[in-house]
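See structure below.
The values are calculated or read from the model by the stated rules, or taken from the named source; none is laboratory data. None of these values were measured; they are calculated from a predicted model. We place every Cβ from the backbone using ideal geometry, glycine too, and count neighbours over all the protein chains shown.
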Amino acid sequence: MLVAAAAALLVASACNGDEPVLLPGSPSPSPTPTASPSPTATGTATPDELAGASCDDREGGDPNNFPDFVEVKIEAEDGSEKVEFRFEPEDSPEVAPQHFVRFVDQLVTAGEGAPVDVAGEAFLEVSFMARGVDLSGPDVELIYTGPKEFTPGLSTVLEVEQTGDFEGLVSWGIGLSREACFVLEARGDRLILEFPITL
């Protein structure tokens, strides 16, 4: 008799749209499980990476821009390290001289192909069409008169060394502490390679 009354009470409650009435001693319903929110990916570069950096080979520039090569500048600022090659073009070109940048297993001299010993665990070869020497007169005249080897002692850029100036193609090797992807900025009067710091 009691069981029949309880069943009738539950049916009546359901028909009225109310929550079911629990009788004394009835088990409580388990709570409905809810999914935990998934962590959101930020996509922000870590301190030892640069936004927009790539380890791919790069090439570009205008072969009609054949400037004098005059300076190498190396600096660390704003959490990155930069190697800059500066030119003095004849006009005011908007496009950089023709250039090629790539990672290599071994740096070699231009023309001869002899191995070049540069400090580092990864090596980047940078070549560009420019005049490092003037061959127009009876004597060879240097246009680039700066050092041919730099050891800046930075966290990523360990050494920068000239590997050749052959038939209008000037080549430099950059020794890195690791294969750090870089940002390349190419202008009419300079090439700037920006590397992340190494923590």
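In this structure, LEU107 does satisfy being crowded, with 17+ Cβ neighbours inside 10 Å, in contact with an Asp or Glu (Cβ under 7 Å, 6 or more places away or on another chain), aliphatic (A, V, I, L, M) and within 19 Å of LEU193 (Cβ to Cβ). Check whether at least one residue in the stretch 100-107 is without any contact (Cβ under 8 Å) to a residue 24 or more places away in the chain and charged (D, E, K, R), and report yes or no. Yes, the stretch 100-107 has at least one match. Scan the stretch 76-124 for residues that are assigned to a strand (DSSP E or B), under 11 Å from ILE174 (Cβ atoms) and more than 16 Å from the chain's Cα centre (by Cα) and jot them down. Once the filter is applied, which keeps residues that are assigned to a strand (DSSP E or B), under 11 Å from ILE174 (Cβ atoms) and more than 16 Å from the chain's Cα centre (by Cα), the stretch 76-124 yields PHE85, VAL104. Every condition in (1) surrounded by 19 or more Cβ atoms within 10 Å (Cβ to Cβ); (2) under 18 Å from PHE85 (Cα atoms); (3) within 18 Å of the chain's Cα centre (by Cα) holds for TRP172 except the one numbered (3). Among the numbered conditions (1) in contact with a Leu (Cβ under 7 Å, 6 or more places away or on another chain); (2) surrounded by 20 or more Cβ atoms within 10 Å (Cβ to Cβ), the only one that VAL133 does not meet is (2).
Just one residue in the set THR145, THR156, THR163 is in contact with a strand residue (DSSP E or B) (Cβ under 6 Å, 6 or more places away or on another chain) and under 19 Å from ASP68 (Cα atoms); that residue is THR163. If you filter the stretch 175-191 down to residues that are part of a strand (DSSP E or B) and not small (Gly, Ala, Ser), you find that the one that is surrounded by the fewest Cβ atoms within 10 Å (Cβ to Cβ) is GLU185.
Just to be sure before I move on: is SER171 of a type in the set (Gly, Ala, Ser), in contact with a strand residue (DSSP E or B) (Cβ under 8 Å, 6 or more places away or on another chain) and not in a loop (DSSP other than H, G, I, E, B) in the structure I sent? So SER171 fits the description; yes. Residue count for the stretch 138-164 under the criterion of being of a type outside the set (Gly, Ala, Ser), assigned to a strand (DSSP E or B) and either free of Cβ contacts under 8 Å to residues at least 60 places away in the same chain or farther than 18 Å from SER127 by Cα (or both): the result is 8.
The set of residues in the stretch 134-155 that are within 16 Å of VAL72 (Cβ to Cβ) and modelled with pLDDT of 95 or more comprises LEU142, ILE143, TYR144, THR145, GLY146, PRO147, LYS148, GLU149, PHE150, THR151, PRO152, LEU154. Listed conditions (1) surrounded by fewer than 19 Cβ atoms within 10 Å (Cβ to Cβ); (2) at pLDDT 95 or above; (3) part of a loop (DSSP other than H, G, I, E, B) are all met by LYS73, apart from (3).
Among residues of the stretch 56-72 that are under 14 Å from ALA186 (Cβ atoms), those with a Cβ under 8 angstrom from a residue that is small (Gly, Ala, Ser) and assigned to a loop (DSSP other than H, G, I, E, B), sequence gap 6+ or separate chain, pair up as GLY60/ALA96; GLY61/ALA96; ASP62/ALA96; ASN65/ALA96; ASN65/GLY188; PRO67/ALA130.
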